[in-house]
Amino acid sequence: MSEPNIAVHCGGLFQTNGYLVAAGDHRYLFDAPGDVLPWLKSHGIKLDGLILTHQHHDHVVDAAAVQEAFGCETWAFSKPDPDLTLARNLEQMTGLPCDLGDYRVDHIVTEDGGLSLPGLELSVMHVPGHSPDSLCFKLGDSSVVIAGDVLFRGSIGRTDFPHSDHDALINGIREKLWPLDDKTRILPGHGPETTVGLEKRTNPFVGGVAG
């Protein structure tokens, strides 16, 4: 496939990225951060599916609303679980309510065989460590990976949360992402995009040299 048409919405308390991928006549949303539903509606988008990189609260806060608005199916590594969303942890930390609604996961995604959707083929990489259910998705034969909170520009996903594992995350990045072409674009769950080559050279958390 040629380079896909991707739009990004950044929203919510933690400025979380959600990515809208246009695949022919179909539209797929990767993650559902705060206020993504009004953003979709403002652009007249009819959504065909929701795909979750992981289920931390900031990535699923609009999931229930998106499902209700579009009746779209949802794909993720695991069924919804408070141990994955960490919503109660956020409430205890901030004193603010974190009501995620009753969103659902219709299809469980694994690495085996990837994920085939109308107009869109995805290679799937399970990279736990930030969250046990963290997935990265390579879009067809393009040079684009939607990486959730696995890898950022100059950083990596936090590993001080419940169920995080620092060594698993570092090993997963090296085993799953480093073999990709250096020009591969990494679209992260927070902050600006980067490339595999840049992070291999400069990311201090995975053996690169910052600066």
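Odds and ends about this structure:
- Per residue accessible area in Å² of region 87-211, where ligands, DNA and RNA are left out and the probe is 1.4 Å: 48 Å²
- Net charge in the neighbourhood of Gly114 (other residues with Cβ under 9 Å of its Cβ; Lys, Arg +1, Asp, Glu -1) is -2.
- Gaussian network model of the chain, springs between alpha carbon atoms under 10 Å - residue of Asp133, Asp99, Asp83 with greatest fluctuation: Asp99
- Accessible surface, region 34-79, averaged per residue in Å² (probe 1.4 Å): 38 Å²
- Relative packing of 35-46, 51-62, which averages over residues the other C-beta atoms within 10 Å, highest first: 51-62, 35-46
- Alpha carbon centroid spacing (whole Å) that separates region 99-142 from region 144-163: 15 Å
- The alpha carbons of region 136-211 stretch over 34, 27, 23 Å along the principal axes, in descending order.
- Share of carbon and sulfur in the accessible heavy-atom surface of the chain [1.4 Å probe, %]: 51 percent
- Dipole of region 131-210 [Lys/Arg +1, Asp/Glu -1 at C-beta], most positive-end residue of Thr159, Asn171, Gly191: Gly191
- Projected label distance in nm at Val8 and Ile108, using a 7 Å step from Cα toward the beta-carbon: 3.3 nm
- Length added when fully stretched, Glu68-Asp182, from 0.36 nm per residue minus Cα-Cα: 37.1 nm
- Cβ-Cβ distance of Ile45 and Asp167, R₀ of 30 Å, FRET efficiency by 1/(1 + (r/R0)^6): the value works out to about 0.15.
- Value of [θ]222 nm, deg cm²/dmol, for the chain, DSSP H segments ≥ 4, -39500 (n - 2.57) each, nearest 500: -5000 deg cm²/dmol
The values are calculated or read from the model by the stated rules, or taken from the named source; none is laboratory data. Predicted, not measured: the structure shown is a model, and the values here were computed from it. As a convention, Cβ positions derive from the backbone with ideal geometry for all residues, glycine included, and neighbour counts pool all protein chains shown. For accessibility, only protein heavy atoms count, side chains too; no ligands or nucleic acids. Shrake-Rupley method; radii C 1.70, N 1.55, O 1.52, S 1.80 Å.
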